[in-house]
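**Student:** I'd like to ask you about the structure that follows.
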Amino acid sequence: MNIPLSSYPRIVIIGGGFGGVSLAKKLSKQEVQVVLLDKNNYHTFQPLLYQVSTGGLEPDSIAYPLRKVLIGYDNFYFRLAEVSEIEPAHKKIKTNIGELTYDYLVVATGSETNFFGNGEIERHAMSMKSIPQSLNLRSLILENFEQALLTDDYHERDALMNFVIVGGGPTGVELAGALAEIKKGILPKDYPDLDTRRAQINIVQGGDCLLPGFSNQASKKAEDFLEELGVQVWKGVRVTGYDGKTVTTKTDLVFQSAAVVWAAGVKGAMVKGMDVADVLAGGNRIKVNEFNQVVGYPEIFAIGDIACMVTEDHPRGHPMVAQPAIQQGKLLGENLVKLLEHQPMTPFIYNDKGSMATIGRNKAVCDIKGYRFQGVFAWFVWMFVHLFFLIGFRNRMVVFINWVYNYIRFDREARLIIRPYKRDYSQFKD
Ligand SMILES: Cc1cc2nc3c(=O)[nH]c(=O)nc-3n(C[C@H](O)[C@H](O)[C@H](O)COP(=O)(O)OP(=O)(O)OC[C@H]3O[C@@H](n4cnc5c(N)ncnc54)[C@H](O)[C@@H]3O)c2cc1C
């Protein structure tokens, strides 16, 4: 990997997401050698992926080069590498570009889509966990409308314009709202020769409310906002299959759809070597103690989505959102220094800053530290918070200008089919 030996202890971080980047920044001025590995050479701001999928933002504005994160810091190395295995017994990791030993290892690999073992849905539905997946979805949405224009078969035409979003969490709700706005504001202008009023956006939620984990007030208001925008909300309906044409559910309800987005669950992005019985927690996560130390492996730590720290307040681990990852990354930076100085480490206490989701123009819901508010003010708060946490001044400016432009012009200019979507079935074993 061409990383020099150093007199400083080597800390290897797998994953340059919210957790990995926060940790790397904290360690940047310490007497340690930091090696950050990621399978992408950029950090992805996942909360805005749905805006890339729906043509509201270009992908570059929500990505940030990892090499730039710590430019100018000594003892910092980034390598573009996918880690395939951890060998704790030899304090070594294996990657597609070679092997590397570590003194301390931090697993910050985040999460991946959870299809709950349903191979048929995995083969045919779309995910939205990365920039390439969001671009695929953007292409599919636009290609479906181009196709709908050409077909004489009205059943096929309806299916091409029928969107089914499975999962009523923030991702599903935000995507449904954005699609509804496209239907209302953009499709009639882009496709005057197509009856786009027939386009349907369905959100299907297995539980009995949208935005579980939010207050009842926020959940109810989000549903009202979606219905105002013409989204069909189906609650208490479990999707059981999708063969590329028909969505089946546990009830009699079926949907004919050429675009199904699976936003119904995530699981930890596990690395071989940590998938052992005494470490594996529910949701494919890694069991850690209050210092984010992997149970039974004192030199290995896990932070963010992949880490499951069971506490009284969070008996199933912290929510898989950005704040726990950022906070754990920062604290672990301090704790690793303490560990090297033989000082006692500080236990992690999650500061829950609240939850928010946007449904569309002037429509958002926020539950922040006991305050619950919805509508225009919530929408401004949502925008401010997202701009604040985006990495990079240029990205903040580009996103801000895009949002102002889109707001004034009722537009989404990035509705481009740059790379036609083709499903790659080779990734599936059977
Ligand atoms: C569509 C969507 C919307 C979201 N919206 C919100 C929101 O509004 N608010 C919120 O708080 N949270 C939101 N989240 C969740 C939030 O993005 C995650 O909780 C957060 O990114 C977790 O941070 P992390 O550092 O644990 O992992 P990530 O940010 O996912 O980073 C993991 C990194 O590890 C790398 N990696 C993974 N495996 C390997 C490997 N084997 N080898 C090398 N590199 C690897 C990945 O490339 C990635 O860069 C959203 C997530 C999605 C998908």
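The values are calculated or read from the model by the stated rules, or taken from the named source; none is laboratory data. Since this is a predicted model, take the numbers as computed values, not measurements. Because the Cβ atoms are built from the backbone with ideal geometry, glycine has one as well, and the counts that use them run over all protein chains shown.
Conditions tested, residue by residue: (1) in contact with a strand residue (DSSP E or B) (Cβ under 6 Å, 6 or more places away or on another chain); (2) under 26 Å from Pro47 (Cβ atoms); (3) in contact (Cβ under 8 Å) with a residue 12 or more places away in the chain.
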| residue | (1), (2), (3) |
| --- | --- |
| Thr109 | yes, yes, yes |
| Glu120 | yes, no, yes |
| Asp153 | no, no, no |
| Ala159 | yes, no, yes |
| Gly167 | no, yes, yes |
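**Student:** I would also like to ask the following. For segment 386-430, which positions are aliphatic (A, V, I, L, M) and loosely packed, with under 13 Cβ neighbours inside 10 Å?
**Tutor:** Scanning segment 386-430 gives Ile401, Val404, Ile408, Leu416, Ile418.
**Student:** Consider Thr109 carefully, then state whether it is closer than 24 Å to Ile131 by Cα and touching a Gly at 6+ places or on another chain (Cβ under 9 Å).
**Tutor:** Answer is yes for this residue.
**Student:** Residue by residue through segment 81-99, note down the ones that are part of a strand (DSSP E or B) and either more than 22 Å from the chain's Cα centre (by Cα) or more than 9 Å from the ligand (Cβ to nearest atom) (or both).
**Tutor:** Within segment 81-99, Glu85, Ile86, Glu87, Lys92, Ile93, Lys94, Thr95, Gly98, Glu99 meet the criteria.
**Student:** Across segment 159-177, what is the total count of residues that are in a loop (DSSP other than H, G, I, E, B) and within 13 Å of the ligand (Cβ to nearest atom)?
**Tutor:** Looking only at that region, the number is 2.
**Student:** Follow-up question, since we're still on this one. Tell me, which strands (runs of 3 or more DSSP E) lie completely within segment 190-263 with 2 or more residues that are modelled with pLDDT under 95 and exposed (fewer than 13 other Cβ atoms within 10 Å of the Cβ)?
**Tutor:** Once the strands (runs of 3 or more DSSP E) in segment 190-263 are filtered for at least 2 residues that are modelled with pLDDT under 95 and exposed (fewer than 13 other Cβ atoms within 10 Å of the Cβ), nothing remains.
**Student:** With crowded, with 19+ Cβ neighbours inside 10 Å, within 17 Å of the chain's Cα centre (by Cα), closer than 19 Å to Leu332 by Cα and within 14 Å of the ligand (Cβ to nearest atom) as the only criterion, which of Phe45, Phe18 stands out?
**Tutor:** Phe18
**Student:** Right, something else. Would you be able to say whether some residue in segment 62-80 is surrounded by 16 or more Cβ atoms within 10 Å (Cβ to Cβ), more than 16 Å from the ligand (Cβ to nearest atom) and on the phi > 0 side of the Ramachandran plot?
**Tutor:** yes
**Student:** Among (1) under 17 Å from the mean Cα position of the chain (by Cα); (2) in a helix (DSSP H, G or I), there is one condition Lys68 misses while meeting the rest; what is its number?
**Tutor:** If we test Lys68 against (1) under 17 Å from the mean Cα position of the chain (by Cα); (2) in a helix (DSSP H, G or I), just (1) comes out false.
**Student:** So Asp305 passes all but one of these: (1) closer than 11 Å to Tyr350 by Cβ; (2) near the ligand (Cβ under 8 Å from one of its atoms); (3) in contact with a strand residue (DSSP E or B) (Cβ under 8 Å, 6 or more places away or on another chain). Which condition number does it fail?
**Tutor:** (1)
**Student:** Across segment 298-325, what is the total count of residues that are under 24 Å from Asp103 (Cβ atoms) and either among the acidic types (Asp, Glu) or surrounded by fewer than 22 Cβ atoms within 10 Å (Cβ to Cβ) (or both)?
**Tutor:** 2
**Student:** Next question. Whether any residue in segment 374-391 is modelled with pLDDT of 95 or more and assigned to a loop (DSSP other than H, G, I, E, B) is what I want to check.
**Tutor:** yes
**Student:** Got at least one residue in segment 338-345 being within 15 Å of the ligand (Cβ to nearest atom) and either over 21 Å from Leu229 (Cβ atoms) or of a type in the set (Gly, Ala, Ser) (or both)?
**Tutor:** No.
**Student:** Moving on. Within the set of pairs 6+ apart or on separate chains, which have a first residue in segment 334-362 that is in contact (Cβ under 8 Å) with a residue 24 or more places away in the chain, a second that is part of a strand (DSSP E or B), and C-beta atoms under 6 Å apart?
**Tutor:** Ser355/Phe214; Ser355/Asp367; Met356/Cys366; Ala357/Val365; Thr358/Ala364
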